[in-house]
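Single-structure report; data block below.
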Amino acid sequence: MGDFEGFEPFLDDARVGRISEEILNTYPALPEGTFLVTFVTEGFRRRDPLTGDMRHYSFPPRANFAIVSDNPRAVFYPIVPGQSAPQFMSVASVYVSEFQERDLSRVRFVGAPDPAMGIFKIVLAEHLSKLDTLRNLTPPTSRAN
């Protein structure tokens with residue numbers, strides 16, 4: 001899971017695993033090593049530009065649904081031994097309370113679609129578009145000076 005170990009997971013591993021397996025098997029354009037992750041955020045810290053003090057900004061808990069892949073342009077950049085390849089992430093977030101409300105309807109009604117799968121499919125469309133763009137960029141070594 002890399003840098004996501006410090007975050008609180010939102011969905012259980014089994015559920016994310018089922019969704020991940022379906023998406024990775026359906027979309028072979030995703031590079032090897034691509035993974036799906038969910039986590040919760042409740043605010044962020046930012047330096048105040050006027051005072052230089054660190055400030056905490058709170059908001060209601062948000063569930064984040066992310067797809068992470070190795071950057072296909074990483075082959076053009078040297079990798080430091082012991083360091084992993086650069087990655088990029090596509091993410092969507094929703095309020096935890098809204099997701100839980102929709103998820104309850106899935107539990108109550110047999111055959112109702114999984115709202116997590118719906119969100120991951122939206123993220124997937126953006127992720128595939130980013131991958132396509134990154135693959136088609138001119139390699140930095142062949143740019144005109």
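The values are calculated or read from the model by the stated rules, or taken from the named source; none is laboratory data. Predicted model only: the values in this text are computed from it and were never measured. For neighbour counting, all protein chains shown are included, and Cβ atoms are generated from backbone atoms with ideal geometry for every residue, glycine included. Ligands, DNA and RNA are stripped out before the accessible areas are found, and what is left, the full protein with its side chains, is counted by its heavy atoms. Shrake-Rupley method; radii C 1.70, N 1.55, O 1.52, S 1.80 Å.
Yes/no per residue for (1) within 22 Å of residue 137 (Cα to Cα); (2) modelled with pLDDT of 95 or more:
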residue: 38; (1), (2): no, yes
residue: 45; (1), (2): no, no
residue: 58; (1), (2): no, no
residue: 66; (1), (2): no, yes
residue: 73; (1), (2): yes, no
residue: 76; (1), (2): yes, no
residue: 80; (1), (2): no, no
residue: 85; (1), (2): yes, no
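Determine, yes or no, whether residue 29 is of a type in the set (Gly, Ala, Ser), within 22 Å of residue 133 (Cα to Cα) and at pLDDT 95 or above.
The answer is no for residue 29.
Table: residues versus (1) under 20 Å from residue 122 (Cβ atoms); (2) not aliphatic (A, V, I, L, M).
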{"residue": "7", "(1), (2)": "no, yes"}
{"residue": "11", "(1), (2)": "yes, no"}
{"residue": "22", "(1), (2)": "yes, yes"}
{"residue": "35", "(1), (2)": "yes, yes"}
{"residue": "42", "(1), (2)": "no, yes"}
Condition set assigned to a helix (DSSP H, G or I) and under 27 Å from residue 34 (Cβ atoms), scope region 87-99, selection most open to solvent (accessible area, probe 1.4 Å): answer is 98
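Go through region 9-53 and give me each residue that's hydroxyl-bearing (Ser, Thr, Tyr) and in a strand (DSSP E or B). Show your work before the answer.
Taking region 9-53 as the starting set, the residues that turn out to be hydroxyl-bearing (Ser, Thr, Tyr) are 20, 26-27, 34, 38, 41, 51.
If the condition is that a residue be hydroxyl-bearing (Ser, Thr, Tyr) and in a strand (DSSP E or B), then 38, 41 are the ones that fit.
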What are the residues in region 23-71 that are among the aliphatic types (A, V, I, L, M) and over 17 Å from the mean Cα position of the chain (by Cα), if any?
50, 54
If you scan region 107-135, which residues turn out to be open to solvent by 60 Å² or more (accessible area, probe 1.4 Å), among the charged types (D, E, K, R) and within 18 Å of residue 36 (Cβ to Cβ)?
121, 126, 130
